[in-house]
Amino acid sequence: EFKELEVVLKSMGYEVRTEVGLIGACEEIHYLTPLSLRPVKTEGDWQQKISLHHDCQLDPDGYGTKAEKWVEMERKKYEQGTLQSYLIEADGQVCGSIGTMEFPHLLRLKNLVIHPLHRQKGFASQAVHLCRDIGREKGKLGIGCFAIAGGIGEKVYKCCGMREMTKQVEWSKNIN
């Protein structure tokens, strides 16, 4: 029954992928980091975010959405009060971004991106730990996220002590 649907979706140009849902506690972890998270609020912040996404090959969801469209989508979620984006900074230089969404007991992490020149330095893991601190400060019990199964994001989150709790299948079509 589902095989027929899969054949139709594939024939229409849709691709399937699996995402894993991960969760971790907001316990205090002692670590030193040169990073800070700066909330994206001003027009200048949003422009810095666009520049960051221009420099990255793929967007956080693994698709090649244009930087302006991606940031416009995030900005609309920010204006609706559902998403807070942060610029990840090291010594005042933007090296990435991450978003958070608040739920009653959970801080959901969204769209972690590290600039290509700053990868392989542990910045992604450090940003996750900084979000864990934010979650704890907001009284959340845990942090959670979805990551592409087998992707670098999944590895980063698991290295930060997050555990896989669920999986979901996503069908999507590149319309760019």
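The values are calculated or read from the model by the stated rules, or taken from the named source; none is laboratory data. Note that the coordinates shown come from a computational prediction; the quantities given were computed from them, not determined experimentally. Heads up, the Cβs are rebuilt from the backbone with ideal geometry, glycines too, and the neighbour counts pull from every protein chain shown. Areas reflect the complete protein model, heavy atoms only, side chains present, ligands, DNA and RNA absent. Shrake-Rupley method; radii C 1.70, N 1.55, O 1.52, S 1.80 Å.
Computed quantities for the displayed model
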| item | result |
| --- | --- |
| Sites Lys69 and Lys155, calculated FRET efficiency, Cβ-Cβ separation with R0 30 Å, nearest 0.05 | 0.65 |
| Carbon and sulfur %, accessible surface of the chain computed with the full protein complex present, 1.4 Å | 53 |
| Helix-derived mean residue ellipticity, 222 nm - over the chain, DSSP H n ≥ 4, -39500 (n - 2.57), to 500 | -10500 deg cm²/dmol |
| The chain, relative contact order in percent, only Cα pairs under 8 angstrom and at least six apart counted | 37 |
| Integer Hz, Karplus 6.51/-1.76/1.60 couplings in order for the range 77-93, x for Gly and Pro | 5, 4, 5, 7, x, 9, 9, 10, 8, 10, 8, 8, 10, 10, 6, x, 9 |
| Label point 7 Å beyond Cα of Ile29 along Cβ direction - residues of the range 90-114 with amide nitrogen under 12 Å | none |
| Two-site FRET efficiency, Met165 against Phe103, from Cβ-Cβ distance with R₀ of 22 Å, rounded to 0.05 | 0.95 |
| Dipole-positive endmost among Leu117, Ser97, Cys160 within the range 91-176 (Cβ charges, Cα centre) | Cys160 |
| Assigned charges on the beta-carbon of Lys, Arg, Asp, Glu; the chain dipole about Cα centre (debye) | 140 |
| Selection from His53, Ile148, Thr33, by position along the positive dipole direction of the chain (Cβ) | Thr33 |
| Given (i) 30, 22, 13; (ii) 22, 19, 18; (iii) 27, 21, 15, the label whose value is semi-axes √(5λ) of the Cα gyration tensor in Å derived from this model | (iii) |
| Rounded accessible area per residue of the range 64-176, 1.4 Å, Å² | 54 |
| Exposed GluC sites (Glu not before Pro) absent - longest run of the chain, DSSP non-H/G/I/E/B, at most 12 other C-beta within 10 Å | 29-176 |
